[in-house]
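Derivation of every value follows stated rules applied to the coordinates shown; laboratory data play no part. Predicted model only: the values in this text are computed from it and were never measured. Neighbour counts run over all protein chains shown; Cβ positions are idealised from the backbone, glycine included.
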């Protein structure tokens, strides 16, 4: 069947939306990569090699650690008879809600020379000075990698667990009948079959790592993101910042491309999920090792940081803090509500355009608009600055020419820039959720309204949108939460005196005064829990 | 866009024995592939047409073209005297959009709205009617389709048969000029299927609804339809009453698709037709000498002789290749005997025979063809 409709207005607006979302990034890339060779030569001679090296090393360690944590915990939960399995199954997802920079701050606080752990050790053993004993230093590149891995591994855990659970049980049974034990079947059949899911989730972790700003900044590990930030805010050098952002962008592009190439032809699907499989029975010592491993991940990635935050909040909270929290909270809310609403409207418009229209290239707008998720917040922020800045100057010039007073930086100097940047970055989340909702509507439901004499408008308002309501709500909430949590783009783009929850917490962390914002930090963590609850629910339904 | 068609009742047209549906020279080309080619078809009011053909032959595309979901490349579709589609020059003016065609459709998966109740589903296409008229219509349909007890249920709470009845009620509610059914019985349990088909046929007759239903199962056509059309590769091979198609298939493909019998290759010459089962007396006035044709052999026209020990004047000409047991007795597939002298083009390997006589695999038998009204076909056209 052909797609049903051919609305020109819809077509035009779909392509226009996609264009608007992609243009800033293109402007930045063109600007950044066409920067003078002198600038590149200078960057290359000074900082770029070490920034690149740090970025790559950090990415390598984070992915390695997260794979170790994620694949093993997924294997243990799905394939063995570990005790408290039902609880661990969802507890292992919780670290996703914890921003890495919070964990980094809290653990630094805990394990510092002046922190409670080293103090207790000194009291216990009677040590006097740092020269008397060795203690690990968290504020290093491996330390940063560990912090990031502790909160990012649930991506790998979640997708790998899903892959294991959805594997065709007859494949495992076949391998058992061919003489393999349950354990051998896991390593020879289940694990290789889960490879695509592991690869996808590892690339997610990799991209999150490349996008991270606050953790590395706090640990003074200079990566490309911190370099962009310092170059722009420290030295006001837009050209160099753009060039660095373009390099980071190309790095991300390379990751996405590699991931997609490696995934091609590696899809295993099953209509018979593997639910009542035979489990590997752990011996007592294995049971202890597995339990310690899983509980350590849950504790270090979520429970301990949350407890530390709660203690801080109880000790230091006061009315003044609450009022600051309220005003930054309202700012965050405002930005997030705008971003979520716009992203959902765009996702609906593009998703339904693709579904209902008779246009050979109807997928293009949606694909383009989903591109932003791979782009780190710092890069998108640079893209906004390099596009909206000139646009503002042009608008001012035009307005003055007409004879009115110049309006100022109405685009780059207002929350417009933040909202725009976050819409570019998080459209993919709304797209994905709504596209999968649309996919679940049988194709015949597109046609049946017309066969009953109902036109496109009626079909949308009476069939598609009502059926999509749950997907719309979930998409809105997911984008809302991500927008709440997003930090680097907000830091670079916020107007003067404008703080969101996350930028304020970051500020307090940089000033070593998180106690003042513990309540806000808890709030961010709680918001972060929402999508996990949702994801877990929808996963269970399948 | 033509304004002729609205949901208001249309003015009666004077022409008397008018066809409810006329399709002329309809072709559909999608991505340089010819899906339908120059198809002609006409149905009278109240006719139920069963459209059969192998998958990919264009059945569903034909339905989609009539419903307005697929754009014809050339040709005309006229329903109840109104031109719906005439796309000679890609001119959209003569293409009535699907929602204005008054053509109803029952989809293979029923396409019921999951977020609406049974009642709301049925009301979907008649929302422009007055509330009271809507309720009357819905109650009427609920009663006829025995759905009154489920009027407030959601679709997922119903059985497959009930869901199908809702789909039918919903399609009938706007009183379409033509109802299209796309493999409506394929998801129904075999035991329930026949019962439902009879029920729905009665209903369509009661509403005098003209209908086309697509299936790949010819037996459904015999139960459900007044007329039958066989399609292959975008063409209509034959279109007539089901009984006529069975007795007088017009081509090898039609007889083969409808599995009316098995095939015996014959060589036609001046004295008659020669086959490995002997000479057949035919009037060969048309004089196509030496050509290879295929005789449609029904089991009832085959005579089986088992070779007894003393029975030496008969020479075996077939052997048993496959045996199955059916309610009509044993079902055999027989092949010709390997003989170096014979003409290889006349070899047969799957002659179907029902018999009460028990035979064993590879047993050699003598087959004779009873004189009857022989049906020969060329394989090519």
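Annotations for the structure displayed:
- Cα pair distances exceeding 15 angstrom across the stretch A:279-341, given as percent: 72
- Estimated FRET transfer efficiency when R0 is 25 angstrom, pair residue A:292-residue A:86 (beta carbons, to 0.05): 0.85
- Here the average projected area of the convex hull drawn through the C-alpha atoms of chain B stands at 24.8 nm².
- Here, the stretch A:55-113 yields an orientationally averaged convex hull projection of 5.6 nm² when only Cα atoms define the hull.
- Over all pairs of different C-alpha atoms, the stretch A:481-532 has a mean inverse distance whose reciprocal, the Kirkwood radius, equals 11.4 Å.
- Largest first, the three principal axis extents of the alpha carbons in the protein assembly as shown are 121, 79, 64 Å in whole numbers.
- Orientation-averaged projected area, Cα convex hull of the stretch A:6-128 (nm²): 17.2
- Taking every residue in B:59-67 and counting other chain Cβ atoms within 10 Å of its Cβ, the average works out to 1.
- Taken residue by residue and averaged, Cβ atoms of other chains lying within 10 Å of the Cβ of B:122-134 number 2.
- Over the stretch B:99-235: Rg over Rh, Cα atoms, Kirkwood Rh: 0.96
- Each of the peptides A:23-29, A:387-393, A:376-382 was scored by the mean count of other Cβ atoms within 10 Å over its residues; in descending order, highest first, they stand as A:376-382, A:23-29, A:387-393.
- Look at the Cα gyration tensor of the stretch B:328-380: its axes a ≥ b ≥ c give a/c of at least 1.5 with a/b at or below b/c, and that counts as oblate.
- By average C-beta atoms within 10 angstrom, highest first, the peptides A:168-176, A:432-440, A:364-372: A:364-372, A:432-440, A:168-176
- Quotient of Cα Rg and 2.2 N^0.38 Å for chain A, N being how many residues it contains: 1.04
- From largest to smallest, the equivalent ellipsoid semi-axes obtained for the stretch A:47-316 from the alpha-carbon gyration tensor read 36, 28, 14 Å.
- Percent of alpha-carbon pairs separated by more than 16 Å within the stretch B:262-377: 60
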